[in-house]
Amino acid sequence: MLQDSACPLMEQLMFFHDHTLLILVVITILVGQMLLSMLTNKFTHRFLLEGQLIEMIWTILPAMVLIMIALPSLRLLYILDENQNPLLTIKSIAHQWYWSYEYSDYKKIEFDSYMMMPMENLKLFNFRLLDVDNRLVIPFNTQVRILVTSADVIHSWAIPSLGVKIDGTPGRLNQSNFSINRSGLFYGQCSEICGTNHSFMPIVIESINQPSFLKWINSTN
């Protein structure tokens, strides 16, 4: 089950998922009906076993289905890779077993984000194994570019509700962009099997309005 979308890119991914799922359901029903009719009838119609027309149908129809899937997929890949003049750039560095963030656009703000592991530190509104001590604060309705790398092994920075999943590779810098369309808290985790404590690398994004974000920037400095 997909999470509620908080990003236009994630909405497009959900549309493509539903589009592909509908095609698969139609194919499954048609093939299942043909198999069921062949099993229940004492004889099989010659039209299903031989003939130029049926050969043309099951050669052309799968090609048309692949085109119906490929064209939206290529369009979506182009949208995901498009650089849309980001207003904010954030660098995320993966470590074992925490994340470091840098706001290079605002006087080099840097901090580490650890999971809130001790149960005594958790409050009623915190999520176990998902909340962190320092959240990544981002203004909504703002195009954000995220740069991801790693200091040790391969990690993956993933937020399902934003449709973002980027590998953090040592010695390389990968990037993606997104824009959050509402305020709230959005949770993610490292989605790469990066070691024994792989499940203890949560990501939390706090989306706020732009005036509140500027106040947070000033208070951090």
The stretch 123-141: number of residues that are open to solvent by 40 Å² or more (accessible area, probe 1.4 Å) and more than 22 Å from Gly168 (Cβ to Cβ): 7
Which residue is nearest to Ile159 (Cα to Cα), if the candidates are limited to the stretch 112-140 and must be touching a residue at least 60 places away in the same chain (Cβ under 8 Å) and assigned to a strand (DSSP E or B)? Leu136
Does the stretch 82-97 contain at least one residue that is in a helix (DSSP H, G or I) and either open to solvent by less than 100 Å² (accessible area, probe 1.4 Å) or not small (Gly, Ala, Ser) (or both)? no
Among what's in the stretch 142-164 and is touching a Leu at 6+ places or on another chain (Cβ under 8 Å) and more than 16 Å from Gln175 (Cα to Cα), pick the residue that is least open to solvent (accessible area, probe 1.4 Å). Thr142
Hey, among Tyr106, Tyr114, which residue is open to solvent by 60 Å² or more (accessible area, probe 1.4 Å) and under 23 Å from Leu162 (Cα atoms)? Tyr114
For Gly168, state whether it is open to solvent by less than 50 Å² (accessible area, probe 1.4 Å) and on the phi > 0 side of the Ramachandran plot. no
Among residues of the stretch 171-211, those that are open to solvent by less than 50 Å² (accessible area, probe 1.4 Å) and in contact (Cβ under 8 Å) with a residue 40 or more places away in the chain, counted: 19
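The values are calculated or read from the model by the stated rules, or taken from the named source; none is laboratory data. No experiment lies behind these values; they were computed from the predicted model shown. All Cβ positions, even for glycine, are placed from backbone atoms using ideal geometry, and neighbour counts span all protein chains on display. Calculation scope for accessible area: heavy atoms of the full protein, side chains included, ligands and nucleic acids excluded. Shrake-Rupley method; radii C 1.70, N 1.55, O 1.52, S 1.80 Å.
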